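Down below is the structure, laid out as C-alpha cells.
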Amino acid sequence: MNATYLAFAAAVALLIASPGPVVALVVADARRRWPLWTILGGAVSAQILMIAALVMIYLALDLDPLVLEAGQILGGLYLIWLGCDGLCGGGGETTTPRRSEAHYFWRAMAVGLSNPKDILFFLAFLPGFILPAQPFAPQATVLIVIWLVIDLSILLAYSLLSRRLAGEGLVQRLLDILPNYFLIGLGLVSCTLGLSRLLQ
C-alpha cells in the first residue's frame, strides 16, 4: 500500500511540475504580489475535478463525450481571452484598479475548471492506484491529500522562482508576456482538439 502511494506521489509531482494554465497564472501573478489566492484557486479546482472523477469511478458512471468536447472548446476560448486580456494590459496594476483576493481565487478556479477533459485524465490515471481489495473511501482520501500537498508545494515553488527571477530588464519583460502567450497557446490547442473531435 505504501509503495502504491509513493508511486502515486512521484507521478503526481511529475505531472503537476509540467507547466499548465494554472502555473502560467501563478507565474504571472507572482511578479507583482504574493499569489496565495491564485494558488488556492488552482488547487481547489484540481480537487473538484479529482473528487468528481473518484465519485465516477466509485459509481462506475460514464460521461457523454459531447458534453466534454463542448466544455473543452468553451474552456479553450476562456484561456484565449485571458491571455489576450493580459497582453492588452488587463492584468497590469497601472491600468486597472487593485483587485480583491477573491478575484484571483475565482479566476484561478475558472482556469482550473476550464478543461473538463481533465476528468477523463483522472478517470484513466487514478484506477491504477486504487486497490480493489481495500476499502475505497480511505484510499480516495489519501490520494486526494497527496495530490493537494504536492499541488500546493509545486505552485508555491513556481511562485517563489518567479518572484526571485522578476526584476528589471529582460527577465521581467519575459515574465510579463510569456504566461499570456502560453495561455493563448493552450486555449488554441484545447479549441482545436475539441472541434476536431466534435466534427468526427
Inset, instruction - Considering (1) of a type outside the set (Asp, Glu); (2) modelled with pLDDT of 90 or more; (3) open to solvent by less than 30 Å² (accessible area, probe 1.4 Å), say which one residue 144 fails and leave the rest. - result: (3)
Legend entry - Condition check for residue 45: within 22 Å of residue 148 (Cβ to Cβ), assigned to a loop (DSSP other than H, G, I, E, B) and either at pLDDT 75 or above or among the aliphatic types (A, V, I, L, M) (or both): no
Legend entry - Given (1) at pLDDT below 75; (2) closer than 23 Å to residue 188 by Cα, index of the condition residue 94 fails: (2)
Inset, instruction - Scan region 148-169 and give yes if some residue there is modelled with pLDDT under 80, surrounded by 14 or more Cβ atoms within 10 Å (Cβ to Cβ), β-branched (Val, Ile, Thr) and in contact with a helix residue (DSSP H, G or I) (Cβ under 7 Å, 6 or more places away or on another chain), otherwise no. - result: no
Inset, instruction - Return the total of residues in region 95-126 being open to solvent by 60 Å² or more (accessible area, probe 1.4 Å) and in a helix (DSSP H, G or I). - result: 6
Inset, instruction - With respect to residue 68, determine if the residue is modelled with pLDDT under 75, out of contact with any strand residue (DSSP E or B) (no Cβ under 8 Å at 6 or more places or on another chain) and part of a helix (DSSP H, G or I). - result: yes
Inset, instruction - Looking for whichever is over 24 Å from residue 135 (Cβ atoms) and at pLDDT 85 or above here; the options are 54, 25. Which one fits? - result: 25
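The values are calculated or read from the model by the stated rules, or taken from the named source; none is laboratory data. Note that this is a predicted model, so its numbers are computed, not measured. All Cβ positions, glycine included, derive from the backbone under ideal geometry; neighbour counts span all protein chains shown. Just so you know, the surface numbers come from the protein's heavy atoms only, side chains and all, with ligands and any DNA or RNA stripped out. Shrake-Rupley method; radii C 1.70, N 1.55, O 1.52, S 1.80 Å.
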